[in-house]
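Please read the structure below before turning to the comments.
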2 protein chains.
Amino acid sequence: MTGYAQPIRQLISELAKFPGIGEKTATRLALYILHTSDDNARKLAHSILEVKEKIHLCSVCFNLTEKEICDICADPLRQKDVVCIVEEPDSLIAIEDSGSFRGTYHTLHGVLSPLDGIGPDHLRIPELLDRLVKNNVKEIIIATNPNVQGEATALLITKLVREMNIKVTRIAFGVPMGGDLKYADRMTLAKSLEFRRII
Amino acid sequence: MTGYAQPIRQLISELAKFPGIGEKTATRLALYILHTSDDNARKLAHSILEVKEKIHLCSVCFNLTEKEICDICADPLRQKDVVCIVEEPDSLIAIEDSGSFRGTYHTLHGVLSPLDGIGPDHLRIPELLDRLVKNNVKEIIIATNPNVQGEATALLITKLVREMNIKVTRIAFGVPMGGDLKYADRMTLAKSLEFRRII
C-alpha cells in the first residue's frame, strides 16, 4: 500500500494497530474515512479522545466509568456484601446484560499468566482483599473464564480468602442453553456433570 | 452493550459505522482504544482528522493526493498519452504495486449502476473526455472490474470515444497466475479463451 499519499499511509498504519485488523482491513477502513462526511470523521476522532480523557476505573470495583464511583457501586439497591469477581469489564457487561445479578463486582483487569509475567500483584487482588474486610462481604462469586489462567486465578483467590469466613462460589460451567449434548465437548460435559444439582 | 459508560457507548456507535464492523467488533476496538496509550489514541484521532483535511482529488486524474496534482501525474517520466481508467483509487494502487505500468491513470470514482441511481454524470467521465482531447491521448486501457457494472462502464466509455481516433483496450481476464485450470470457473475460462493471443 506504498502507493497511497502519506497521510493515508499514516492512517492505515494507525488503524492496523487494532487487534485483529490487518493492513488490508485497515486500508478499507481508511478509505471509508476518506469517503465519509467530515462531520462523521470529526465525531469519530472526538469520541476516541473523549474516551481516553473521561473514562477511568471506579475506585471501588475498577469497572470503567466516567465518575469517581461507577453506577453499580453507587446504586443503593445493589447488594454490597455479594461481590462477583470478573477478569475484564466485558465479562461484567455480559453478566449485567443477563439481568440476573443484583450484587456488586470486582474487576481484576487480567488473570494470572506467569508466562506473560503477570502475577497476583498485577491484578486488583490486594484491593479486593481490602474491600472484603472493609465492606464485611458475605459471598464472593468467582466468574473468571473457564480456561487454565481463569481457573488458576480462581484457585489463588480461593486460597487467599480461606481464613476470612466468606462463602466462595464459582459460576457453573456446563452445556449452554439451547445447546445439544451431542455437540458438547468432553470437558464441557464433564463440568456439566460436576456442577449437577438436585432438582 | 448498554452497560458501558456513555463515552464508551458513543465510541462504539461511531466505530460501528465502519463497513463490515458490527457492534461486537466495534466494542472490541473501543476497549483496545481504552487500553492503549494516550499517545497512540491521540495519533489515531489526529490521523483521521489529517486525512480528511489534507487529502483531496488530483485535478488531472482524480487520484487521492495531498498535493494539487498527484505524484503520478506530476512525474515527467510517466507517459501522458496512455491513460489507464480505473473505478476506484484501490485499483490504481494495485496496478501501481504490480510495477508494470508507466502511463497515467483516470479514476472514475464509481461505476454505472442504474439501480443505485449512478449514471454517467456521477462518474468522472466528462473530465475524462476533456482530458483525452487536451492531452492528445493515444491509448486508453479500461481497467474497470470484471463484473456487470464494470463491463457496462467499459462499454459506455468505448462508445463515447469511438469517434476520437484513440486506441481503446481492455485489461485481460483469464486464469490467474499460479492458479489451476481445474479450479477456474466457466466464465473465467471463457474469458481466458477470448483473450488468447498468438505466441
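The values are calculated or read from the model by the stated rules, or taken from the named source; none is laboratory data. Small disclaimer: the values here were computed from a predicted structure and weren't measured. Neighbour counts run over all protein chains shown; Cβ positions are idealised from the backbone, glycine included.
Being under 30 Å from A:Lys138 (Cβ atoms) and surrounded by 14 or more Cβ atoms within 10 Å (Cβ to Cβ), is that true of even one residue in the range A:45-56?
First, pick out the residues of the range A:45-56 that are under 30 Å from A:Lys138 (Cβ atoms): A:56.
Subsequent filtering for residues that are surrounded by 14 or more Cβ atoms within 10 Å (Cβ to Cβ) retains A:56.
Yes, because at least one residue in the range A:45-56 is under 30 Å from A:Lys138 (Cβ atoms) and surrounded by 14 or more Cβ atoms within 10 Å (Cβ to Cβ).
Is there a residue being surrounded by 14 or more Cβ atoms within 10 Å (Cβ to Cβ), assigned by TED's automatic domain parsing to the domain that holds A:Asn136, touching a helix residue (DSSP H, G or I) at 6+ places or on another chain (Cβ under 7 Å) and part of a loop (DSSP other than H, G, I, E, B) anywhere in the range A:11-29?
Scanning the range A:11-29, I find no residue that is surrounded by 14 or more Cβ atoms within 10 Å (Cβ to Cβ), assigned by TED's automatic domain parsing to the domain that holds A:Asn136, touching a helix residue (DSSP H, G or I) at 6+ places or on another chain (Cβ under 7 Å) and part of a loop (DSSP other than H, G, I, E, B), so the answer is no.
A:Glu50: more than 7 Å from chain B (Cβ to nearest Cβ) and among the acidic types (Asp, Glu), yes or no?
Details: more than 7 Å from chain B (Cβ to nearest Cβ): no; among the acidic types (Asp, Glu): yes.
When the stated conditions are applied, A:Glu50 does not pass them.
May I ask you to verify whether A:Leu49 is hydrophobic (A, V, I, L, M, F, W, C), in contact with an Asp or Glu (Cβ under 6 Å, 6 or more places away or on another chain) and free of Cβ contacts under 8 Å to residues at least 40 places away in the same chain? It would help to see each step written out before you state the result.
Working: hydrophobic (A, V, I, L, M, F, W, C): yes; in contact with an Asp or Glu (Cβ under 6 Å, 6 or more places away or on another chain): no; free of Cβ contacts under 8 Å to residues at least 40 places away in the same chain: yes.
Judged against the criteria, A:Leu49 is not a match.
Please verify whether A:Leu31 is hydrophobic (A, V, I, L, M, F, W, C) and over 28 Å from the mean Cα position of the chain (by Cα), treating the condition exactly as stated.
In short, yes.
When the residues of the range A:57-69 are filtered to those that are of a type outside the set (Val, Ile, Thr) and at the interface with another protein chain (Cβ under 7 Å from one of its Cβ atoms), which remaining residue is surrounded by the most Cβ atoms within 10 Å (Cβ to Cβ)? Walk me through it before giving the result.
We begin by selecting, within the range A:57-69, every residue of a type outside the set (Val, Ile, Thr); these are A:57-59, A:61-64, A:66-68.
Still in the running and at the interface with another protein chain (Cβ under 7 Å from one of its Cβ atoms): A:64, A:66.
Values: A:Leu64: 24, A:Glu66: 16.
The selected residue is A:Leu64.
May I ask you to say which residue of B:Gly150, B:Gly174, B:Gly179 is of a type outside the set (Lys, Arg), under 30 Å from B:Asp121 (Cα atoms) and either in the same structural domain as B:Val82 (by TED's automatic domain parsing) or not in a loop (DSSP other than H, G, I, E, B) (or both)? Write out each step before concluding.
Details: B:Gly174 fails: under 30 Å from B:Asp121 (Cα atoms); B:Gly179 fails: under 30 Å from B:Asp121 (Cα atoms).
It is B:Gly150.
Go through the range B:70-121 and give me each residue that's within 24 Å of A:Tyr32 (Cα to Cα), small (Gly, Ala, Ser) and either within 14 Å of chain A (Cβ to nearest Cβ) or not in a strand (DSSP E or B) (or both).
B:Ser91, B:Ala94, B:Ser98, B:Gly110, B:Gly117, B:Gly119
Which of the numbered conditions does A:Ile95 fail, given that it passes all the others? Conditions: (1) closer than 17 Å to A:Asp71 by Cβ; (2) in contact with a helix residue (DSSP H, G or I) (Cβ under 8 Å, 6 or more places away or on another chain).
(2)
So is A:Val161 in contact (Cβ under 8 Å) with a residue 24 or more places away in the chain, surrounded by 14 or more Cβ atoms within 10 Å (Cβ to Cβ) and outside any helix (DSSP H, G or I) or not? Write out each step before concluding.
Numbers: in contact (Cβ under 8 Å) with a residue 24 or more places away in the chain: yes; surrounded by 14 or more Cβ atoms within 10 Å (Cβ to Cβ): yes; outside any helix (DSSP H, G or I): no.
No; evaluated as a whole, the condition is false for this residue.
Taking the residues in the range A:87-124 that are within 15 Å of A:Cys61 (Cβ to Cβ) and over 15 Å from the mean Cα position of the chain (by Cα) as candidates, determine which candidate is surrounded by the fewest Cβ atoms within 10 Å (Cβ to Cβ).
Filtering first and then ranking leaves A:Arg102.
Suppose we filter the range A:31-41 for residues that are more than 7 Å from chain B (Cβ to nearest Cβ) and at pLDDT 90 or above; how many remain?
Looking only at the range A:31-41, we keep the residues that are more than 7 Å from chain B (Cβ to nearest Cβ), and these are A:35-37, A:39.
Checking which are at pLDDT 90 or above leaves us with A:36-37, A:39.
So the answer is 3.
Which residue pairs have Cβ atoms closer than 7 Å, lie 6 or more positions apart in sequence or on different chains, and pair a first residue in the range A:178-197 that is touching a residue at least 40 places away in the same chain (Cβ under 8 Å) with a second residue that is surrounded by 13 or more Cβ atoms within 10 Å (Cβ to Cβ) and among the aromatic types (Phe, Trp, Tyr)?
Every condition considered, the pairs that remain are A:Lys191/A:Phe173.
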